[in-house]
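As C-alpha coordinates, the structure follows; a few thoughts come after it.
The values are calculated or read from the model by the stated rules, or taken from the named source; none is laboratory data. Given the structure is predicted, the values throughout are model-derived calculations rather than measurements. A quick note on method: Cβ atoms are made from the backbone with ideal geometry, for glycine too, and the neighbour counts reach across all protein chains shown. The area values use the complete protein model at the heavy-atom level, side chains included, leaving out ligands, DNA and RNA. Shrake-Rupley method; radii C 1.70, N 1.55, O 1.52, S 1.80 Å.
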Amino acid sequence: TGDDRKQVIDLFAQRKVWPHDALLESLIASIAGDATGNTTGDDTKKIRINLELKVKQAAERLLPRVAFRFADGPFRRAWVLKGTDPRVDSKNAKLQVMEIRLDQEWFAEDGRLVVVGSKSGKKQHASVKVSASHADAHAFRALPASLSSGGKAASQKSQPAIASRYPRYQLCDITLASVQTVLVRNERRHDTTRQDTTHQLTSQLCRQSFGFFSKSEYEQVRGCLAAAAAAVFHGKDPEAASAEALRGLESAMDASDAMDADDDADNDDMDADHDDVAGGTEDLSEDGSDEETEREFRNKPPPATERAVRFALTHNSLDLETLVLQSANVTDAMNPVDGEMEYDVFDGDTDGEDSDE
(Lines give C-alpha, C1' and ligand atoms only; values in the text may rest on other atoms or scores of the structure.)
Protein backbone atom coordinates (compact mmCIF):
# COMPACT_ATOMS: atom_id res chain seq x y z
CA THR A 1 0.00 0.00 0.00
CA GLY A 2 0.92 3.67 -0.13
CA ASP A 3 1.51 3.72 3.62
CA ASP A 4 3.92 0.78 3.40
CA ARG A 5 5.91 2.49 0.66
CA LYS A 6 6.07 5.74 2.63
CA GLN A 7 7.37 3.94 5.72
CA VAL A 8 10.11 2.28 3.68
CA ILE A 9 11.10 5.60 2.08
CA ASP A 10 11.13 7.26 5.51
CA LEU A 11 13.62 4.65 6.74
CA PHE A 12 15.93 5.37 3.80
CA ALA A 13 15.72 9.05 4.72
CA GLN A 14 17.17 8.12 8.09
CA ARG A 15 19.89 5.86 6.68
CA LYS A 16 21.06 5.45 3.08
CA VAL A 17 22.08 1.80 3.47
CA TRP A 18 20.19 -0.95 5.28
CA PRO A 19 20.96 -4.64 5.82
CA HIS A 20 17.86 -6.71 5.15
CA ASP A 21 17.33 -7.87 8.74
CA ALA A 22 17.86 -4.39 10.20
CA LEU A 23 15.37 -2.87 7.76
CA LEU A 24 12.71 -5.44 8.63
CA GLU A 25 13.25 -4.97 12.36
CA SER A 26 12.93 -1.19 12.05
CA LEU A 27 9.76 -1.50 9.97
CA ILE A 28 8.21 -3.89 12.47
CA ALA A 29 9.21 -1.70 15.41
CA SER A 30 7.78 1.43 13.82
CA ILE A 31 4.45 -0.28 13.06
CA ALA A 32 4.18 -2.47 16.16
CA GLY A 33 3.59 0.39 18.57
CA ASP A 34 0.53 1.62 16.71
CA ALA A 35 -0.78 -1.90 16.02
CA THR A 36 -0.54 -3.27 19.55
CA GLY A 37 -1.89 -0.16 21.23
CA ASN A 38 -2.98 -0.96 24.78
CA THR A 39 -3.05 -4.73 24.33
CA THR A 40 -1.05 -6.95 26.68
CA GLY A 41 0.09 -10.53 27.09
CA ASP A 42 -0.92 -13.13 24.51
CA ASP A 43 -2.92 -10.63 22.47
CA THR A 44 0.16 -8.48 21.92
CA LYS A 45 2.21 -11.55 20.99
CA LYS A 46 -0.35 -12.71 18.43
CA ILE A 47 -0.63 -9.25 16.91
CA ARG A 48 3.14 -8.97 16.62
CA ILE A 49 3.48 -12.38 14.95
CA ASN A 50 0.86 -11.48 12.36
CA LEU A 51 2.47 -8.07 11.93
CA GLU A 52 5.91 -9.57 11.29
CA LEU A 53 4.49 -11.82 8.59
CA LYS A 54 2.70 -8.92 6.87
CA VAL A 55 5.78 -6.68 7.04
CA LYS A 56 8.00 -9.36 5.51
CA GLN A 57 5.55 -9.92 2.69
CA ALA A 58 5.25 -6.19 2.06
CA ALA A 59 9.03 -5.79 2.12
CA GLU A 60 9.54 -8.56 -0.42
CA ARG A 61 7.17 -6.76 -2.73
CA LEU A 62 8.30 -3.16 -2.16
CA LEU A 63 12.06 -3.26 -1.66
CA PRO A 64 13.04 -4.31 -5.20
CA ARG A 65 10.93 -1.43 -6.51
CA VAL A 66 12.55 1.31 -4.42
CA ALA A 67 16.02 -0.05 -3.68
CA PHE A 68 18.83 -2.24 -5.02
CA ARG A 69 21.68 -4.29 -3.55
CA PHE A 70 25.35 -4.62 -4.44
CA ALA A 71 26.55 -8.20 -4.93
CA ASP A 72 29.98 -7.39 -3.53
CA GLY A 73 32.10 -4.56 -2.22
CA PRO A 74 31.86 -2.61 1.06
CA PHE A 75 28.02 -2.40 0.96
CA ARG A 76 27.53 -6.02 0.07
CA ARG A 77 23.95 -7.34 0.10
CA ALA A 78 22.63 -4.20 1.85
CA TRP A 79 19.64 -2.31 0.46
CA VAL A 80 20.41 1.08 -1.12
CA LEU A 81 17.74 3.56 -2.23
CA LYS A 82 17.55 3.75 -6.02
CA GLY A 83 19.11 6.92 -7.41
CA THR A 84 21.73 7.11 -4.66
CA ASP A 85 25.29 5.78 -4.46
CA PRO A 86 26.93 5.43 -1.02
CA ARG A 87 30.38 5.10 -2.63
CA VAL A 88 30.66 8.80 -3.48
CA ASP A 89 30.94 10.12 0.08
CA SER A 90 33.42 8.96 2.72
CA LYS A 91 30.90 9.89 5.43
CA ASN A 92 29.19 6.61 4.52
CA ALA A 93 32.12 4.57 5.88
CA LYS A 94 30.09 3.79 9.00
CA LEU A 95 27.38 2.30 6.79
CA GLN A 96 29.73 -0.31 5.33
CA VAL A 97 29.02 -3.98 5.86
CA MET A 98 31.84 -6.22 7.04
CA GLU A 99 31.83 -10.00 6.91
CA ILE A 100 33.92 -12.19 9.21
CA ARG A 101 34.49 -15.94 9.42
CA LEU A 102 33.77 -17.87 12.55
CA ASP A 103 36.12 -20.69 13.49
CA GLN A 104 35.21 -23.92 11.71
CA GLU A 105 36.01 -25.85 14.89
CA TRP A 106 32.98 -24.26 16.51
CA PHE A 107 30.57 -26.11 14.23
CA ALA A 108 29.37 -29.69 14.10
CA GLU A 109 28.41 -31.42 10.87
CA ASP A 110 24.78 -30.44 11.36
CA GLY A 111 25.79 -26.78 11.57
CA ARG A 112 25.14 -26.43 15.27
CA LEU A 113 27.72 -25.00 17.64
CA VAL A 114 29.85 -27.40 19.67
CA VAL A 115 32.00 -27.36 22.79
CA VAL A 116 35.60 -27.15 21.65
CA GLY A 117 38.07 -29.41 23.45
CA SER A 118 35.59 -31.20 25.71
CA LYS A 119 37.13 -33.71 28.12
CA SER A 120 35.02 -36.54 26.78
CA GLY A 121 36.62 -36.11 23.38
CA LYS A 122 33.21 -35.85 21.76
CA LYS A 123 31.72 -32.75 20.21
CA GLN A 124 28.84 -31.58 22.35
CA HIS A 125 26.37 -28.91 21.37
CA ALA A 126 27.36 -25.63 23.00
CA SER A 127 24.83 -23.54 24.91
CA VAL A 128 25.77 -20.33 23.09
CA LYS A 129 22.95 -17.88 22.43
CA VAL A 130 22.18 -17.52 18.71
CA SER A 131 19.72 -14.88 17.58
CA ALA A 132 18.13 -13.70 14.34
CA SER A 133 17.84 -10.25 15.91
CA HIS A 134 20.01 -7.61 14.22
CA ALA A 135 20.17 -5.65 17.47
CA ASP A 136 21.26 -8.64 19.59
CA ALA A 137 23.95 -9.66 17.10
CA HIS A 138 25.39 -6.15 16.76
CA ALA A 139 25.46 -5.69 20.54
CA PHE A 140 27.19 -9.10 20.76
CA ARG A 141 24.58 -10.44 23.09
CA ALA A 142 24.40 -13.41 20.72
CA LEU A 143 25.92 -14.81 17.56
CA PRO A 144 23.96 -14.05 14.36
CA ALA A 145 21.61 -16.77 13.18
CA SER A 146 22.02 -18.28 9.74
CA LEU A 147 19.49 -17.57 7.03
CA SER A 148 18.10 -20.27 4.76
CA SER A 149 18.06 -19.94 0.97
CA GLY A 150 14.49 -18.83 1.22
CA GLY A 151 15.44 -15.81 3.28
CA LYS A 152 13.74 -17.08 6.45
CA ALA A 153 15.46 -17.70 9.73
CA ALA A 154 16.79 -21.22 9.87
CA SER A 155 15.76 -21.49 13.50
CA GLN A 156 12.22 -22.71 14.14
CA LYS A 157 10.40 -23.42 17.37
CA SER A 158 11.05 -27.13 16.94
CA GLN A 159 14.84 -26.78 16.68
CA PRO A 160 17.60 -24.54 18.06
CA ALA A 161 18.91 -21.65 15.99
CA ILE A 162 21.85 -22.28 13.68
CA ALA A 163 24.67 -19.74 13.83
CA SER A 164 26.01 -18.19 10.65
CA ARG A 165 29.53 -19.22 9.63
CA TYR A 166 29.97 -15.93 7.82
CA PRO A 167 28.10 -13.22 9.76
CA ARG A 168 27.86 -9.73 8.30
CA TYR A 169 27.81 -6.59 10.44
CA GLN A 170 26.89 -3.02 9.58
CA LEU A 171 29.45 -0.91 11.38
CA CYS A 172 27.17 1.94 12.48
CA ASP A 173 25.14 -0.50 14.60
CA ILE A 174 28.14 -2.07 16.35
CA THR A 175 28.10 -1.06 20.01
CA LEU A 176 31.73 -2.05 20.73
CA ALA A 177 33.77 0.94 21.91
CA SER A 178 36.84 -0.34 20.06
CA VAL A 179 35.05 -0.34 16.70
CA GLN A 180 33.59 3.11 17.33
CA THR A 181 37.11 4.36 18.10
CA VAL A 182 38.33 3.25 14.68
CA LEU A 183 35.28 4.79 13.00
CA VAL A 184 36.00 8.14 14.64
CA ARG A 185 39.64 8.01 13.51
CA ASN A 186 38.55 7.19 9.99
CA GLU A 187 36.10 10.10 9.91
CA ARG A 188 38.75 12.54 11.16
CA ARG A 189 41.22 11.32 8.56
CA HIS A 190 38.72 11.86 5.77
CA ASP A 191 37.78 15.29 7.15
CA THR A 192 41.44 16.29 6.87
CA THR A 193 41.78 14.83 3.38
CA ARG A 194 38.53 16.41 2.20
CA GLN A 195 39.96 19.88 2.80
CA ASP A 196 42.71 19.29 0.24
CA THR A 197 41.02 17.20 -2.43
CA THR A 198 38.17 17.48 -4.90
CA HIS A 199 34.87 15.57 -4.72
CA GLN A 200 36.09 13.44 -7.61
CA LEU A 201 39.13 12.33 -5.64
CA THR A 202 37.00 11.63 -2.54
CA SER A 203 34.68 9.37 -4.52
CA GLN A 204 37.65 7.40 -5.82
CA LEU A 205 38.71 6.59 -2.27
CA CYS A 206 35.99 3.95 -1.95
CA ARG A 207 37.71 0.70 -2.85
CA GLN A 208 36.05 -2.62 -3.41
CA SER A 209 38.14 -4.43 -0.80
CA PHE A 210 38.22 -1.92 2.07
CA GLY A 211 35.68 0.74 1.12
CA PHE A 212 36.60 4.04 2.74
CA PHE A 213 38.99 2.40 5.20
CA SER A 214 42.73 2.06 4.94
CA LYS A 215 44.01 -1.49 5.09
CA SER A 216 45.16 -1.08 8.70
CA GLU A 217 41.81 0.42 9.78
CA TYR A 218 39.95 -2.39 8.04
CA GLU A 219 42.07 -5.04 9.76
CA GLN A 220 41.56 -3.36 13.13
CA VAL A 221 37.77 -3.35 12.80
CA ARG A 222 37.68 -6.92 11.54
CA GLY A 223 39.98 -8.05 14.35
CA CYS A 224 37.72 -6.41 16.94
CA LEU A 225 34.64 -8.11 15.50
CA ALA A 226 36.32 -11.51 15.40
CA ALA A 227 37.55 -11.16 18.99
CA ALA A 228 34.09 -10.13 20.20
CA ALA A 229 32.43 -13.06 18.42
CA ALA A 230 34.96 -15.46 19.95
CA ALA A 231 34.22 -14.00 23.38
CA VAL A 232 30.49 -14.64 22.89
CA PHE A 233 31.21 -18.24 21.91
CA HIS A 234 33.48 -18.83 24.92
CA GLY A 235 31.22 -17.01 27.39
CA LYS A 236 33.57 -14.07 27.96
CA ASP A 237 33.19 -10.29 27.78
CA PRO A 238 33.09 -9.20 24.11
CA GLU A 239 33.80 -5.56 25.01
CA ALA A 240 37.01 -6.45 26.84
CA ALA A 241 38.07 -8.94 24.18
CA SER A 242 37.65 -6.45 21.34
CA ALA A 243 39.50 -3.74 23.26
CA GLU A 244 42.40 -6.11 23.84
CA ALA A 245 42.42 -7.06 20.16
CA LEU A 246 42.59 -3.41 19.12
CA ARG A 247 45.49 -2.74 21.48
CA GLY A 248 47.36 -5.70 20.05
CA LEU A 249 46.80 -4.60 16.47
CA GLU A 250 47.84 -1.03 17.28
CA SER A 251 51.00 -2.26 19.02
CA ALA A 252 51.88 -4.43 16.03
CA MET A 253 51.37 -1.47 13.70
CA ASP A 254 53.53 0.79 15.92
CA ALA A 255 56.28 -1.83 15.96
CA SER A 256 56.11 -2.10 12.18
CA ASP A 257 56.33 1.69 11.83
CA ALA A 258 59.32 1.74 14.17
CA MET A 259 61.09 -0.91 12.10
CA ASP A 260 60.40 1.07 8.94
CA ALA A 261 61.81 4.18 10.61
CA ASP A 262 64.98 2.29 11.63
CA ASP A 263 65.37 0.99 8.08
CA ASP A 264 65.03 4.52 6.72
CA ALA A 265 67.63 5.76 9.19
CA ASP A 266 70.02 2.97 8.19
CA ASN A 267 69.50 3.80 4.54
CA ASP A 268 70.22 7.48 5.23
CA ASP A 269 73.46 6.53 7.00
CA MET A 270 74.47 4.34 4.09
CA ASP A 271 73.70 7.15 1.66
CA ALA A 272 75.80 9.55 3.73
CA ASP A 273 78.72 7.11 3.82
CA HIS A 274 78.35 6.60 0.09
CA ASP A 275 78.43 10.35 -0.49
CA ASP A 276 81.60 10.70 1.61
CA VAL A 277 83.36 7.96 -0.30
CA ALA A 278 82.20 9.26 -3.67
CA GLY A 279 83.29 12.80 -2.78
CA GLY A 280 86.80 11.76 -1.77
CA THR A 281 87.49 9.37 -4.62
CA GLU A 282 89.05 10.40 -7.90
CA ASP A 283 87.54 9.28 -11.17
CA LEU A 284 89.60 6.23 -12.14
CA SER A 285 88.01 5.76 -15.55
CA GLU A 286 89.56 7.31 -18.63
CA ASP A 287 86.32 8.68 -20.07
CA GLY A 288 84.73 9.74 -16.76
CA SER A 289 81.79 7.37 -17.28
CA ASP A 290 81.73 6.28 -13.63
CA GLU A 291 81.47 9.88 -12.46
CA GLU A 292 78.74 10.59 -14.99
CA THR A 293 76.78 7.51 -13.93
CA GLU A 294 77.08 8.53 -10.28
CA ARG A 295 75.82 12.04 -11.10
CA GLU A 296 72.84 10.67 -13.01
CA PHE A 297 71.97 8.35 -10.11
CA ARG A 298 72.04 11.22 -7.60
CA ASN A 299 70.00 13.58 -9.77
CA LYS A 300 67.32 11.07 -10.77
CA PRO A 301 64.04 11.94 -8.99
CA PRO A 302 62.44 9.27 -6.83
CA PRO A 303 59.73 7.20 -8.57
CA ALA A 304 56.84 8.95 -6.80
CA THR A 305 57.94 12.42 -7.91
CA GLU A 306 58.66 11.21 -11.41
CA ARG A 307 55.22 9.66 -11.78
CA ALA A 308 53.55 12.75 -10.35
CA VAL A 309 55.33 15.07 -12.79
CA ARG A 310 54.52 12.80 -15.72
CA PHE A 311 50.85 12.77 -14.66
CA ALA A 312 50.84 16.56 -14.17
CA LEU A 313 51.98 17.11 -17.75
CA THR A 314 48.70 15.68 -19.03
CA HIS A 315 46.32 16.26 -16.08
CA ASN A 316 46.84 19.56 -14.31
CA SER A 317 43.51 19.83 -12.48
CA LEU A 318 45.03 18.88 -9.10
CA ASP A 319 47.91 20.45 -7.16
CA LEU A 320 51.34 18.85 -7.25
CA GLU A 321 51.27 17.80 -3.58
CA THR A 322 48.11 15.78 -4.18
CA LEU A 323 49.61 14.22 -7.28
CA VAL A 324 52.72 13.17 -5.37
CA LEU A 325 50.57 11.58 -2.66
CA GLN A 326 48.55 9.76 -5.30
CA SER A 327 51.58 8.46 -7.15
CA ALA A 328 53.09 7.27 -3.88
CA ASN A 329 49.88 5.27 -3.28
CA VAL A 330 49.13 7.27 -0.13
CA THR A 331 45.49 7.69 -1.16
CA ASP A 332 45.36 4.86 -3.71
CA ALA A 333 43.27 7.17 -5.88
CA MET A 334 45.38 6.44 -8.94
CA ASN A 335 45.65 2.75 -8.13
CA PRO A 336 42.27 1.39 -6.99
CA VAL A 337 42.50 -2.04 -5.46
CA ASP A 338 40.85 -5.16 -6.81
CA GLY A 339 39.49 -4.00 -10.13
CA GLU A 340 36.96 -1.45 -11.28
CA MET A 341 34.76 0.73 -9.10
CA GLU A 342 31.56 -0.52 -10.71
CA TYR A 343 30.29 -3.43 -8.65
CA ASP A 344 27.76 -6.01 -9.69
CA VAL A 345 24.25 -5.26 -8.53
CA PHE A 346 22.49 -8.04 -6.67
CA ASP A 347 18.84 -8.21 -7.68
CA GLY A 348 17.84 -11.56 -6.25
CA ASP A 349 15.19 -12.11 -3.63
CA THR A 350 17.23 -14.36 -1.34
CA ASP A 351 19.82 -13.54 1.23
CA GLY A 352 21.43 -16.91 1.87
CA GLU A 353 24.75 -17.92 3.30
CA ASP A 354 27.96 -17.44 1.39
CA SER A 355 31.59 -16.88 2.21
CA ASP A 356 33.74 -13.89 1.37
CA GLU A 357 35.94 -15.89 -0.92
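What to note about this one:
- Residue within segment 193-204 that is modelled with pLDDT under 95, part of a helix (DSSP H, G or I), of a type in the set (A, V, I, L, M) and under 30 Å from residue 85 (Cβ atoms) present: yes
- Inside segment 53-88, residues that are farther than 17 Å from residue 21 by Cβ and assigned to a loop (DSSP other than H, G, I, E, B) make up a count of 8.
- Of residues in segment 160-180 being modelled with pLDDT of 95 or more and farther than 14 Å from residue 229 by Cα, the one surrounded by the most Cβ atoms within 10 Å (Cβ to Cβ): 171
- Only one of the listed residues (88, 116) is more than 26 Å from the chain's Cα centre (by Cα), open to solvent by 30 Å² or more (accessible area, probe 1.4 Å), of a type in the set (A, V, I, L, M, F, W, C) and at pLDDT below 95. That residue is 116.
- Enumeration of residues in segment 75-112 that are free of Cβ contacts under 8 Å to residues at least 24 places away in the same chain and within 16 Å of residue 15 (Cβ to Cβ): 82, 83, 85
- Counted residues, segment 1-58 - those being at pLDDT below 75 and either among the hydrophobic types (A, V, I, L, M, F, W, C) or under 28 Å from residue 97 (Cα atoms) (or both): 3
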